[in-house]
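Below: the structure, in structure tokens.
The values are calculated or read from the model by the stated rules, or taken from the named source; none is laboratory data. Please read these numbers as outputs of a predicted model, since none were measured by experiment. With ideal geometry, Cβ positions are generated from the backbone for all residues, glycine too; neighbour counts draw on all protein chains shown.
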Amino acid sequence: MLKRFFIISSALLGIILFLWLLYFFFFSQKEGEGSPPITDIEPSSEGEDILSPTLKQFTDIPLLSAKLSKDGTTLYGYHPLTATLYAIDTETYKKTVLLDTNLINPLVGIWSKNNPLSLLKTQPQGGSQYFLIDSDLQTVSALQDDIHYLTWDSLSEKIVYINRKSPGSLSFYTANPNGSSPQEILTIEEKEYIDMTAIPESPLIAYWPESSNVRISPLYSVNLSTKKKNTLFSGKYGASYLFSPNGKTILVSWAPEKNSSRLSLATINGYGGEYTDLGLPTLTSKCTWNTENTSLYCAVPTNIPSTAIMPDDYLKGEFHTTDVFWKITLATGEKERIIKPEDIPQSFDATNLLLSPGEQKLYFTDKVSGNVYEIAL
């Protein structure tokens, strides 16, 4: 009896298995006809890694001081280890080596209006050094080694640089891009380390003491024509500044409390007045202007440690942020997310934001990896 039951059960199991195999090989294939097979998503272009519907990894190599061409078709940048100068097509993602500079320890690239022409600051043993990089002529030219700060004149293809004749003074000079034919503008008393930039569409250079939570950073200007210094803004604690493309509005980030992790963001006009709080806790280094001077795009940190002293600890590299991205329309104060948090699949510490013409794409550099990423707007 038991043997017969075993035989019948085995037969039924064999019939069920046969019918299941018949369905799998015949009917299931019929149901799937006309549908493409499911495969892993591959990047659509060389160097492109799709992270979400609106976010892509733009480069597969780290880039230092990335710069977007005026027409938005090319992104330039230096490799942070080899100092090789790259150009990357923003549509095809194709990389081109423009120049192997054979330099070491690059720190920052400073771009002229003519994008292939730039100044590269390096830090070899014994101190820093600036080099003029001309990718068209394929040349690398060392500037004099006593330059402490440097920027391009916004009205010409000349440079403005500073050296210290004494520990408590700063002397401003103009010169040709290779440092030749220097002309002294003026010497001022200043003991602190400074940040410096050209004020767009003007003969003015702006500078301010490096941002620190424990001191006020006033904003000063130096007129290259009249050779006079002026105070533009009396300053805030831990302040840094970012000028709009027309130079008429200035973005200010600062620390509203001493020994605190809080940050504040505001705008002032080109004369230091009309202070307007924007209600976003971020840094000017995480923001960029649109070309019409009407909107700002900013990365906003969400995980600043409560014990951090801002902006000092962040600038020292003691932690990395996890950023979300916002747009601010200045006329109305309206704020809107430019990418949903769920479309940001990993943490980014964003810096060097670049906006394409027509505001179709936003690029940023992740400080952790050094790679450039692209957000479709």
I'd like to know if region 245-256 contains one or more residues that are modelled with pLDDT under 95 and of a type in the set (Phe, Trp, Tyr).
no
Conditions: (1) within 21 Å of Asn352 (Cβ to Cβ); (2) over 20 Å from the mean Cα position of the chain (by Cα); (3) in a strand (DSSP E or B). Leu132 meets all but one. Number of the miss?
(1)
Need a quick list: strands (runs of 3 or more DSSP E) entirely within region 49-101 having at least 1 residues that are more than 15 Å from Val372 (Cα to Cα) and among the acidic types (Asp, Glu).
95-100
Of all the residues that make up region 187-199, how many are in contact with a strand residue (DSSP E or B) (Cβ under 6 Å, 6 or more places away or on another chain) and either in a loop (DSSP other than H, G, I, E, B) or among the aliphatic types (A, V, I, L, M) (or both)?
7
Here the residues within region 106-127 that are loosely packed, with under 15 Cβ neighbours inside 10 Å and touching a strand residue (DSSP E or B) at 6+ places or on another chain (Cβ under 8 Å) are Lys113, Gln123
Of Ser211, Ser171, Ser166, which residue is assigned to a loop (DSSP other than H, G, I, E, B), surrounded by fewer than 19 Cβ atoms within 10 Å (Cβ to Cβ) and either touching a strand residue (DSSP E or B) at 6+ places or on another chain (Cβ under 6 Å) or modelled with pLDDT under 95 (or both)?
Ser166
Looking only at region 271-299, and only at residues there that are of a type in the set (A, V, I, L, M, F, W, C) and more than 16 Å from Leu355 (Cα to Cα), the one that is surrounded by the fewest Cβ atoms within 10 Å (Cβ to Cβ):
Leu280
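Residues checked against (1) under 23 Å from the mean Cα position of the chain (by Cα); (2) within 30 Å of Ser260 (Cβ to Cβ):
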position	(1), (2)
Gly127	no, no
Pro182	no, no
Ile188	no, no
Trp208	yes, yes
Val214	no, yes
Which of the residues belonging to region 204-225 are without any contact (Cβ under 8 Å) to a residue 40 or more places away in the chain and among the polar types (S, T, N, Q)?
Ser217, Ser221, Asn223, Ser225
State which residue pairs qualify: first residue touching a residue at least 12 places away in the same chain (Cβ under 8 Å) and in a strand (DSSP E or B) and inside region 262-284, second residue surrounded by 15 or more Cβ atoms within 10 Å (Cβ to Cβ) and basic (Lys, Arg) in any location, beta carbons under 9 Å apart, and separation of 6 or more residues or different chains.
Ser264/Lys236; Ala266/Lys236; Asn269/Lys248
Hey, could you check region 308-361 for residues that are touching a Pro at 6+ places or on another chain (Cβ under 9 Å), part of a helix (DSSP H, G or I) and of a type in the set (D, E, K, R) and say which is nearest to Thr276 (Cα to Cα)?
Asp313
